[in-house]
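Single-structure report; data block below.
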Amino acid sequence: MRKIIIIRACIMLILVMTCVTAIVSAASIEQKRQSIRDMANETLGRLYQDHPAAKEAIENGAGYAVFSNHGVKILLFGSGHGKGVAINKNSGREVFMKKSEIGIGLGLGVKDYSDIFVFETEKDFARFIDQGWTFGGQATVVASDGVNGGGFQGAVCIWPGAWLYQLTDKGLALELTGQGTRYYKDNELNDR
């Protein structure tokens, strides 16, 4: 009889721990989502201040995406990662995403920067979130103290209908690299 009570108590403990873990995990996921939303709003504010015409481009576009990134380059090898959110302006749908990159070439530095994509059509937006985006080649000379404002690189057309703005947050970098960058959905933060 005592053995049955111990077994039942263990089963109940496991069930309670499983429920608590699920609740904590759900709260943690929502906190991560909110942190990314806050970063995106702050980054857009900085973009509009540095480049006022970008506000009209985003307002008139079908969607946009905002990423916060960190990169390190030491001599011949470099890597970076980031996280962000893509917003469909027509439906309001949020797609949380990640970024990873690897580079080979001459360089030295550490930099924090933001990427802001603007998509003119729903098709361009869907292409980005469903297929991601991979590109190569980069030349950068950036210096910023992180206090007096970041460097602004301007907008670049990445394909017809999609534009990229890049803001440097802080850091020091001098690099000429060939690199691959991948943007992809964050399976942890998106509803399945």
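Computed from the coordinates by the stated procedures, all read-outs in this text should not be read as laboratory data. Being a predicted model, the structure only gives us computed values, none of them experimental. For neighbour counting, all protein chains shown are included, and Cβ atoms are generated from backbone atoms with ideal geometry for every residue, glycine included.
For T121, nonlocal amide neighbours, meaning residues 5 or more places apart or on other chains whose placed amide H falls under 5 Å from its own, are A62. Per-residue Cβ neighbour counts within 10 Å put D191, D186 in the sequence D191, D186, beginning with the fewest.
Using a Cα-Cα cut-off of under 15 Å, which aspartates and glutamates could be cross-linked to K89, ignoring same-chain neighbours fewer than 8 residues away? List returned: E56, E59, E120, E122, D124.
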